[in-house]
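Read the structure below first, then the notes.
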Amino acid sequence: MRSYLHIKGKGLWKFCAFITLAIVLACCGEIITGVDQPATATVGSVVPITVHINIPTLGNGGPDYLIFGFLVPKGWKGAQNTTITYTSPLGNGTMNLVPDGTVAKNGGGLTWPAYMKKTFQNGGNLIDDVEWVAYQSDKAYPHSNGDALSGDLHIKIKVGADGNNTLVKLGYVITDTGNGFTSDNNGTYYSELITPCFELTGGTGDLVDFCNPQLTTINPPKSLDNDFITLTFDGTVTDTKLNNATETYLCATAYTSDGKTISVCEQTDKTRMTQTGPNSRKYQITLWPKSFFGTTGTQTISRMEYFITDKTGATKVGYGNTLAPFTYTFKCS
Amino acid sequence: MKKNYIIQQAGFLLMAVIVVLIASCKAERALPVNESVKDISGSWQVVRATRNGTDLTGIIDFSQFRINFKDGGYTMVNKLPFLVADDGKFSLDDPQYPFKITFIANGAAAVSTPFTYPIVNGKRQLSITFSPGCPNNSYLYVLQKVN
């Protein structure tokens, strides 16, 4: 009987060549091998995070600077509230913010944060209110023949500058100034790692949940009554009483700075939500709150409570698929 | 002797060519071109609008909004979120090469914003970027003169 596992003579060098090629293809880019990060923290605390990296090399190149991207909610003001140092066999040092306007290597004219956003988007977060903060090592390192550099990035971030309880997926990405987010025959020159949902508690603001699909979302996530806001009801998140509704409407109450409440709960073109696609069960309405609620010149709307209703107005869906209203606070931070 | 004569003739010819070449040069006087003064007087409507890069043109009814510029003042009809909430005065930073427009709403402080003034499909457009609500929310209105 013939065995396919025998490797002899001519077959042996082919097998060895394959293994060698596989090693070559797998090497030569920066790799994030792990992240040590707590699962929870309280608003305002300083959270230590360690990012373990490894940089295998093939051939000689560089010297290049290490580029590091840190994905955090915009409200945390990551650039102001984070310090990063590194330890490595070639020495220790600091990671500094990439100066504004620095054009990324192979980024098509984009800055490093914009290049990261374009390449890695929101890192799986469902609300577009996170940002990539870009750092660069204070010293350059060479790509020497066959050397593998391993090291750690030590992050200290004061979390929750916006005071909001938060659920968010933090993200990490590395590359170098000589390659950017590219791959070639020698390997991939970047590495991305998105961590599971990190929970921030103890805050005074609304819960901002970047991780779990929400029945309703408002875009931009941070806005005032003088912005255009787009409210989306996503009927696919869970079964609701509006599953079979052909049309949905917004029923909302505004709370103004002078202590008044203004309700708009009619089922007309003014409040009708448009389905985003045939049978998508996602409905949207874009409105200018000042005009929608008809506030006077001096009134400002501080918050809003709302339901989604059917055409009769009798069937309502509220927060968490209950009869409690959804709430939204108009604020910028 | 004959050789010397030829050299002399060639020398004269060379001199003549140089003289002709020099004489043919004439200093051109560059005429100053007067850039026209940019006049934005008239009634303008929104033909395109974005919020943080997302197109709002088909989502919001911009057709009724008008901003009228006249004699250093402006008025708005069927208001929408804009750089200013009330009518008032406006000015351009440079009448010939304007890059910035300043609005002074009645009883309010002056607010300025960069703007561009391109000609698109033969029509003058005004592109204004501003943040009427949160500073992080950026809007672009492209205005075109109403015929």
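In peptide A:290-299, what is the residue-averaged number of other protein chain Cβ atoms found within 10 Å of each Cβ? All intermediate terms of the calculation are to be shown ahead of the outcome.
Working: counts 6, 4, 0, 0, 0, 0, 0, 2, 0, 0.
Across A:290-299, the average partner-chain Cβ count within 10 Å equals 1.
How far is the Cα center of the stretch A:77-97 from the Cα center of the stretch B:117-147, in Å?
41
Once amide H atoms are placed 1.01 Å from N in the peptide plane, what residues at a sequence separation of 5 or more from A:GLY163, or on another chain, have their amide H within under 5 Å of its amide H?
Here nothing satisfies the definition.
Sorted from fewest to most neighbouring beta carbons within 10 Å, what does the list A:HIS52, A:HIS143, A:HIS154 look like?
On the way: A:HIS52 15, A:HIS143 22, A:HIS154 18.
The fewest-first ordering by Cβ neighbours comes to A:HIS52, A:HIS154, A:HIS143.
What is the mean number of Cβ atoms from other protein chains located within 10 Å of the Cβ atom of each residue in peptide A:225-235, rounded to a whole number? Show your work: numbers first, answer last.
On the way: counts 3, 9, 9, 12, 3, 5, 0, 0, 0, 0, 0.
Going residue by residue through A:225-235 and averaging, the value is 4.
³J(HN,Hα) across the stretch A:208-221 via Karplus (A = 6.51, B = -1.76, C = 1.60, θ = phi - 60°), whole Hz, x for Gly/Pro?
Values, residue by residue: 9, 10, 7, 8, 9, x, 10, 4, 10, 9, 10, 10, x, x Hz.
What do you get for the angle between helix A:10-26 and the principal long axis of chain A? Use alpha-carbon atoms, 0 to 90 degrees, nearest ten.
Taking the Cα atoms of chain A, the angle to A:10-26 is about 50 degrees.
Hey, what angle do you get for helix B:2-24 against the long axis of chain B, alpha-carbon based, 0 to 90 degrees rounded to 10?
The angle comes out at about 20 degrees.
Mind ranking A:205-214, A:266-275 by how tightly packed they are, going by the mean number of other C-beta atoms within 10 angstrom, highest first? Mind showing how you got there, number by number?
Values: A:205-214: 16.0, A:266-275: 14.2.
Listed from highest to lowest mean packing, they are A:205-214, A:266-275.
Amide H neighbours of A:VAL130 under 5 Å, at least 5 residues apart or on other chains, H built in the peptide plane: list them.
Correct list: A:LYS74.
Using 30 Å as the Cα-Cα cut-off, could you pick out the over-long pairs in A:LYS222/A:LYS316; A:LYS77/A:LYS260; B:LYS100/B:LYS145; A:LYS169/A:LYS316; A:LYS260/B:LYS79; A:LYS316/B:LYS79?
From the list (A:LYS222/A:LYS316; A:LYS77/A:LYS260; B:LYS100/B:LYS145; A:LYS169/A:LYS316; A:LYS260/B:LYS79; A:LYS316/B:LYS79), the Cα-Cα distance tops 30 Å for A:LYS77/A:LYS260; A:LYS169/A:LYS316; A:LYS316/B:LYS79.
Less than 19 Å apart at the alpha-carbon level, and either on another chain or at least 8 residues along: which aspartates and glutamates does that give for B:LYS89?
Once the sequence-local aspartates and glutamates are set aside, what remains near B:LYS89 is B:ASP39, B:ASP71.
Using a 10 Å cut-off around each Cβ of peptide B:74-81, what is the average number of partner chain Cβ atoms that fall inside?
Working: counts 0, 0, 0, 0, 1, 3, 5, 9.
If you average over the peptide's residues, the count of other-chain Cβ atoms is 2.
Mind listing the phi-derived Karplus ³J(HN,Hα) values for the stretch B:63-76, rounded to whole Hz, using 6.51, -1.76 and 1.60 with θ = phi - 60°, and x for any glycine or proline?
5, 8, 6, 9, 10, 10, 9, 7, 6, x, x, 9, 9, 10
What list of ³J(HN,Hα) values in whole Hz, one per residue of the stretch A:242-257 in order, does the Karplus curve 6.51 cos²θ - 1.76 cosθ + 1.60 (θ = phi - 60°) give from phi, with Gly and Pro shown as x?
Coupling constants for the stretch A:242-257: 9, 3, 9, 5, 7, 9, 10, 9, 9, 10, 9, 10, 9, 10, 9, 5 Hz.
If you project the alpha carbons of the stretch A:289-333 onto the principal axes, what extent comes out on each, in Å, largest first?
Taking the Cα atoms of the stretch A:289-333, the three principal extents are 34, 26, 11 Å.
Take the alpha-carbon centre of the stretch A:258-290, take the same for the stretch A:235-251, and report the distance between them in whole Å.
13
Using Cα centres only, tell me the gap between the stretch A:141-161 and the stretch A:174-215 in whole Å.
Using only Cα atoms, the two centres lie 16 Å from each other.
What whole-number volume per residue, in cubic angstrom, does the convex hull of the C-alpha atoms of chain A give?
Values: hull volume 70.4 nm³, N = 333.
Value for chain A: 211 Å³ per residue.
Taking the beta-carbon count within 10 Å as an exposure proxy, list A:ASP147, B:ASP61 from fewest neighbours to most. Present the calculation step by step, with values, prior to reporting the outcome.
Values: A:ASP147 15, B:ASP61 11.
The most exposed by this proxy come first: B:ASP61, A:ASP147.
Mind listing which chymotrypsin sites (Phe, Trp or Tyr not before Pro) in the stretch A:222-313 are in a DSSP loop and have 16 or fewer other Cβ atoms within 10 Å? Mind dumping the intermediate values first?
Working: sites: A:PHE228, A:PHE233, A:TYR249, A:TYR255, A:TYR283, A:PHE292, A:PHE293, A:TYR306, A:PHE307; in loops: A:PHE228.
Loop-located and lightly packed - none at all.
Counting only other residues whose beta carbon sits under 11 Å from that of A:LEU90, what net charge do I get with K and R as +1, D and E as -1?
Values: positive: A:LYS139; negative: A:ASP147.
Net charge in that neighbourhood comes out at 0.
From the Cα gyration tensor of the stretch B:42-145, with a ≥ b ≥ c the square roots of its eigenvalues, which class applies: rounded if a/c is under 1.5, or else prolate if a/b is larger than b/c, or else oblate? Please report the intermediate quantities before stating the final value.
Details: a/c = 1.34, a/b = 1.13, b/c = 1.18.
Rounded shape, in that the Cα axes give a/c under 1.5.
Any read-out appearing in this document is the output of simple, stated calculations on the displayed coordinates, not a laboratory observation. Keep in mind that what you see is a predicted model, and the values were worked out from it rather than measured. Cβ sites come from the backbone with ideal geometry, for glycine too, and all protein chains shown count toward neighbours.
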